[in-house]
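Undergrad: Okay, handing you the structure first.
The values are calculated or read from the model by the stated rules, or taken from the named source; none is laboratory data. This is a predicted model, so every value here is computed, not measured. Positions of Cβ are generated from backbone atoms using ideal geometry, with glycine treated the same way; all protein chains shown enter the neighbour counts.
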Amino acid sequence: MYNSCSQIGSERKQIVRVLLTNDDGVEAPGLWALYHECSRQGIEATVVAPSRERSAIGHAITIFNEITLREHVRGHKNSAYAIDGTPADCVKMALSVIMKESPPDVVISGINRGQNTGTSILYSGTVAAALEATLNGFKAIAVSLAVTSPKTASASKEDPKELPVGTLQDVARVEANYEFAARFSVRLAKVVAERGLPPGVLLNVNIPNVPEQEIRGIVVSKMGHSVFVDEFKAINEKAGIIAYRNVGDRLIHSSEGEDWDDLVLKQNKISITPLHYDLTHHHFLEELKRWVEAEEIESRILGEQVAEELSKGLDAEIVG
């Protein structure tokens, strides 16, 4: 049996406290799987999560409205805070208010129900929460469990590039193996606490939703190019106002040949991708500078021509 946790070490620096957040909401099972695993290992975990589902909200923050915070009682413990805001709001509030005097060693966002690979990363509230922590100088990881609908598995053999992933309702009905994902996440968090991460970098982790013995390894992967295909369906019309819903359930995978995150998952391997918030396309910088220089030269020549024509016109008027 392949031991995924052992590959990243067994004895690691003890984490004193962590911040747990997500975009699935404060009652999401993946969030509490992380909490219980932290408790089992003697780690102080503070949960600060949205009061409701905020999936695909990206890095939105609340700036014009009030943000409400309340203690969220689960069982007999006041172990969480619910924020009426976005995942990024939750991290901001946690670091600036709730945990200001006792900051976390690591921030873990997740465990998200559904993979965050390829272009989905750009929409993900899960990744955005970890990114917000990174922006504030904290070590952070985003963790997602690749829960898919049953029809995904059957279709993947028919067409390796494009397959249905099902609606959110389909995904919600699939049994999720959060226990192993939580163990792996906390183990990785210990590695991050010990080794640190480069400034501005977070780890985006995607874990296959299969029994632990079926995990085939860990791959440090690249952000892929997988993209969901939009399909908008009109569901209601009243007084000339039409309501649409995006019912698209197809995912186009990255091209074969590279260790793209979505392709790694298809192989039942754990994908770990380092992400950073610098969106600059560094390889294109020099070429773009040449473009600008060329345009400046053309503008200068054009300006000189215009000035010359104006001068000729003025001379003609004076002579006349």
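Undergrad: In segment 17-48, what count of residues is obtained for those that are loosely packed, with under 15 Cβ neighbours inside 10 Å and in contact with a strand residue (DSSP E or B) (Cβ under 6 Å, 6 or more places away or on another chain)?
TA: Result for segment 17-48: 1.
Undergrad: Related question: Can you find a residue that is farther than 17 Å from residue 272 by Cβ, surrounded by fewer than 17 Cβ atoms within 10 Å (Cβ to Cβ), touching a Gly at 6+ places or on another chain (Cβ under 9 Å) and aromatic (Phe, Trp, Tyr) anywhere in segment 230-250?
TA: yes
Undergrad: If you go through segment 46-78, how many residues are touching a helix residue (DSSP H, G or I) at 6+ places or on another chain (Cβ under 7 Å) and either modelled with pLDDT of 95 or more or among the polar types (S, T, N, Q) (or both)?
TA: Count: 15.
Undergrad: Residues that are more than 28 Å from residue 280 (Cβ to Cβ) and in the same structural domain as residue 128 (by TED's automatic domain parsing), at least 1 per element: which strands (runs of 3 or more DSSP E) completely within segment 191-258 meet that? Please lay out each step first, then the result.
TA: Numbers: elements: 201-208, 218-220, 227-229, 232-238, 241-246, 250-252.
Once the strands (runs of 3 or more DSSP E) in segment 191-258 are filtered for at least 1 residues that are more than 28 Å from residue 280 (Cβ to Cβ) and in the same structural domain as residue 128 (by TED's automatic domain parsing), what remains is 201-208, 218-220.
Undergrad: Please specify each residue of segment 246-284 satisfying the condition of being over 16 Å from residue 118 (Cα atoms), touching a Phe, Trp or Tyr at 6+ places or on another chain (Cβ under 7 Å) and at pLDDT 85 or above.
TA: 246
Undergrad: Within segment 216-247, count every residue that is over 20 Å from the mean Cα position of the chain (by Cα), touching a residue at least 12 places away in the same chain (Cβ under 8 Å) and within 24 Å of residue 56 (Cα to Cα). It would help to see each step written out before you state the result.
TA: Our first condition is that a residue be over 20 Å from the mean Cα position of the chain (by Cα); within segment 216-247, this holds for 216-217, 231-247.
Those still in the list that are touching a residue at least 12 places away in the same chain (Cβ under 8 Å) too: 216-217, 231-233, 244-247.
Okay, now just the ones that are also within 24 Å of residue 56 (Cα to Cα), so 231-233, 244-247.
Final tally of qualifying residues: 7.
Undergrad: Tally up the residues in segment 13-27 that are in contact with a Ser or Thr (Cβ under 8 Å, 6 or more places away or on another chain) and of a type in the set (D, E, K, R), please. Reasoning before the result, please.
TA: Of the residues in segment 13-27, the ones in contact with a Ser or Thr (Cβ under 8 Å, 6 or more places away or on another chain) are 17-26.
Those left that are additionally of a type in the set (D, E, K, R): 17, 23-24.
Number satisfying all stated conditions: 3.
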